Amino acid sequence: MSPLSGDSKTLPCATESVAEARTESVAAAHAESVAAARAAAGAVTDPEIPVLTLADLGILRDVRFDGERLQVTLTPTYTGCPATQVIEQDVRDALAAQGWPDAQVRTSLSPPWSTDWISEQGREKLRAYGIAPPGPVSREHVPVRLTGLARIARETAPAGPACPRCTSQRVERLAEHGSTACKALYRCLACREPFDYFKPY
């Protein structure tokens, strides 16, 4: 058997190895692009609570490529949220700045967003900002869809939220709505300071 014939038997294996390496390289580059896009979109801040990012809120649902086009899916905190269009445009701007000027930003309403999706870091940011973070959504909460806004029919925590300033649970509710419809206005009976409570839903 000549050296040439022996070498020819190894060529298919070498070709397969090159193809596998190329496939792995493409997959790694794709994963890096998705991660970079997710980081850019997730770093966009909420226009109503600027200390929170979309990643903190948990409204960044999906980041993927549809062919060559980047596609990002968001779920607003509630249907009809006035900040939705602003957030979508901010995400487009952030992605364009990272090299995806034609990224598609779409909205998905199912499953609906829940305050349970707020990260622990996001809850700490809320507290430091002077807003009492929401507690866990209880089965006893009955969401009522009214003109697209998920509202709580009853609250299950009799003591109410803890004051984000002094941590006292001696609080009273002053109004069903605070600075925005998704918050309630409370006052602490210990330090006498008013504060917003992010209602769980």
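Only the coordinates and a few stated rules stand behind these numbers; no lab work does. The structure presented is a predicted model; accordingly, all values stated were derived computationally and were not measured.
Along its first, second and third principal axes, ordered by size, the stretch 78-119 spans 32, 22, 16 Å in Cα coordinates. Measuring max minus min along each principal axis, the C-alpha atoms of the stretch 39-110 give extents of 32, 25, 18 Å (largest first).
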